[in-house]
Amino acid sequence: MSAKDNLFEKLGAELAPGQEKRLDFDDLELKGEILPGEPVDFSHGDVDAFEPVPGALESFSHGFSEVGATQAYTVYRGREDILEDVAAKLSDFASTSIDPETELIITPGTQGALFLAAGATISAGDKVAIVEPDYYANRKLVHFFQGELYPVGLDYLNHTGGAGINLHELEAGFKEGVSTFIFSNPNNPSGVVYSEDEIIEIGKLVKEYDVKVIVDELYSRQVFDERPFTHLSSLDAVPEENIITIIGPSKTESLSGFRLGVAYGSKGTIDRMEQLQAIVSLRAAGYNQIVLKKWFNEPENWMADRISAHQDIRDTLLQMFRKAGFEVRAPEAGSYIFPRIKDLSISCDDFVKVLKKQANVTVTPGTQFGPPFTDCVRLNFSQDKEKAVDAVERLIKVASYYKKGN
C-alpha cells in the first residue's frame, strides 16, 4: 500500500455521520423480527422538524437578486459589512473582542473552518492532542496533515461537575511536545459541557506550554438547564495568538444547508486560514453569507423555545434509554446523546448496520468518536419528537435481539 493509499485508508468515510446510506448490508445475519416504522435518520438533525431561522430564505434572496455580483464574489474571508456584523455579535456573546478586519473569517461550514484551522497549525510530525470521545473529524484531520495523535481521555460517564477531561493526561502531552490541542465544547458526541474550572485549567496549560488550541463551540448557544458556559477566548490570561474558536449557525439555528461557518483568532492564524481557503474553496458561498445577518437576530423567545423543545426530547429519550438498561449521561447542551449498549454480541459497526436494515433507524457508531467506544452509538435528537420516540423504541428492541446469550 502506498503512503497516499494508507493516508486515505485512515480517513475512511464509510461510517461517518451521513454516510450510513452507503453501507453494504448483504452479508448480515439478522436475529429477531423486522420492525416496521417510519425511517428516522439520527445521524443529523431534521430541519423539517426544526425549521431554519425565520427570514433566512428572504435574506438569501436579497443577496441573490438585489445585492448581486458584490455578494457573489466577496473577498475570500467574507464581505466586509457581514464580517463587522458577525464580529460585533460574537464579541458580545463570547465576552471577548474581535477585530472584523483581521481576526475573523467566514468559511464553508464549521467543517471548513476546522479544516482551515488544522491546516494553519499542524505540520507533518507535530504532536496533536485530541479528546476521546470527540468529534470524528478531529483525528482524521490530524492524520491528513500527517501529525501524531495524542489521545486524552474524557471520563464523561463518571463526572457531573464537569465534562471529565483528564487534565493530567493533557499536561503530560504538553510536556511531551504536543503543539496543538483540538476539542469541542459542548462535547460532540456526549453533549457534556466543560466546567469553568476545566476551561480555566486548560487555559493555564495552554499558556504555560505555549500550545495552540482549536476549540469548536458549535453548540454553545443551545445549553440546557441554564447551565453556565465558559468561552476559552474570554479568559484574559490566555494569549489571543494561541486560540482559534470555531462556531456557526448550522446546528441550533438549522442553517446547515447554507454551509456557513466562522472562525476567530489572531491575525496571523486567520491570515493563514485565508491563504488556505484561497486554494480550497475561495470563499463561503457568496449569496449564502448574507444569511449570517439573521444569526443572533432571531425573533424574541425563538432561541428559548428551541432550547426548551430540545430539552423535552432529551428528557424523554434519557428516560427510555435508562429504563432499558443503557448507560447514558444527560446531554448538557446541543442535540447529541451517546448511550452505551451493554453486552452486545456483535460489533458496534455491525449493530448500526442491522439497525438500519431491521428497523429503518440510522445512528452513528461510537467508534467514529474514538476507538474505545465499541459499545456506544450517537443520536442527534433534533427530530420530530413522536418519530424519535418510536425510532428509539425500535432501537431498544433490536438491541435486545443481539444481547450476548440470545
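The values are calculated or read from the model by the stated rules, or taken from the named source; none is laboratory data. These numbers come from a predicted model, not from an experiment. With ideal geometry, Cβ positions are generated from the backbone for all residues, glycine too; neighbour counts draw on all protein chains shown. Protein only, heavy atoms only, side chains kept; ligands, DNA and RNA dropped before computing areas. Shrake-Rupley method; radii C 1.70, N 1.55, O 1.52, S 1.80 Å.
Quick one: pull the percentage of alpha-carbon pairs in region 121-197 with a separation above 21 Å. Before the final figure, lay out each step's value.
Details: 752 of 2926 pairs.
Tail fraction, whole percent: 26.
Ranked by the mean number of other Cβ atoms within 10 Å of their residues, highest first, the peptides 65-76, 175-186 come out as 175-186, 65-76. When the Cα atoms of region 226-277 are aligned to their principal axes, the ranges along those axes come out at 37, 33, 8 Å in descending order. Gyration tensor analysis over the Cα atoms of region 284-406 returns equivalent ellipsoid semi-axes of 32, 17, 13 Å (largest first, whole Å).
DSSP finds beta bridges in the chain, and of those with both partners inside it, around 45 percent are antiparallel. Computed about its Cα centre, the charge dipole of region 1-147 is approximately 680 debye, with only Lys, Arg, Asp and Glu carrying charge at their Cβ. Accessible surface of the chain, 1.4 Å probe: 48 percent of it comes from carbon and sulfur atoms.
Rounded, prolate or oblate for region 165-244? Axes are the square roots of the Cα gyration tensor eigenvalues, ordered a ≥ b ≥ c, and the cut-off for rounded is a/c under 1.5. It is prolate, given that a/c is not under 1.5 and a/b is the larger ratio.
List the equivalent ellipsoid semi-axes of the chain in whole Å, largest first, each obtained as the square root of 5λ for an eigenvalue λ of the Cα gyration tensor.
Values: eigenvalues 222, 131, 89 Å².
Each semi-axis is the square root of five times an eigenvalue, giving 33, 26, 21 Å.
The sum of -39500 (n - 2.57) across all DSSP H runs of n ≥ 4, divided by the residue count of the chain, sets its helix-only mean residue ellipticity at 222 nm to -11000 deg cm²/dmol.
So what is the accessible area of the chain per residue, in Å², with the probe set to 1.4 Å? Intermediate results must be reported in sequence, preceding the final value.
Working: 17230 Å² over 406 residues.
It amounts to 42 Å² per residue over the chain.
Of the listed residues 140, 323, 251, the order by accessible area with a 1.4 Å probe, largest first, is 323, 251, 140. Maximal additional length on extending the residue 302-residue 350 stretch stands at 13.3 nm, based on 0.36 nm per residue less the C-alpha distance. Taking max minus min of the alpha-carbon positions on each principal axis, region 94-240 gives extents of 41, 37, 28 Å, largest first. Where both bridge residues fall in region 179-305, DSSP classifies roughly 30% of the beta bridges as antiparallel.
For the pairs 293/387; 10/127; 294/387, flag any whose C-alpha to C-alpha distance is greater than 26 Å. Provide the component values of the computation, followed by the final result.
Numbers: 293/387 33 Å; 10/127 17 Å; 294/387 29 Å.
Beyond 26 Å: 293/387; 294/387.
Provide the packing ranking of 258-268, 235-245, i.e. peptides ordered by the mean count of other C-beta atoms within 10 Å per residue, highest first. Kindly include the intermediate steps, with their values, before the conclusion.
On the way: 258-268: 22.3, 235-245: 17.8.
Taking the mean over residues of other Cβ atoms within 10 Å, the ranking is 258-268, 235-245.
Using +1 at the Cβ of each Lys and Arg and -1 at the Cβ of each Asp and Glu in the chain, identify which of 71, 289, 40 lies farthest towards the dipole's positive end. Checked the options; the winner is 40.
Here each label is just a point 7 Å from Cα along the line to Cβ, and for residue 28 and residue 319 those points are 3.0 nm apart.
Size of region 326-383 from its Cα atoms: along the principal axes, largest to smallest, the extents are 30, 25, 19 Å.
With all protein chains in place and ligands, DNA and RNA left out, the 1.4 Å accessible area ranks 214, 200 as 200, 214, largest first.
Classify region 184-302: rounded, prolate or oblate, from the alpha-carbon gyration tensor (a ≥ b ≥ c, eigenvalue square roots; a/c under 1.5 rounded; otherwise prolate if a/b is larger than b/c)?
Oblate is the answer for region 184-302, as a/c is 1.5 or above yet b/c matches or exceeds a/b.
Computed from point charges on the beta carbon alone (+1 for Lys and Arg, -1 for Asp and Glu), the dipole magnitude for region 246-316 about its Cα centre is near 360 Debye.
Placing a label point 7 Å from the Cα of residue 267 along the Cα-to-Cβ direction, the residues of region 87-125 whose backbone N falls under 17 Å of that point are 97-105.
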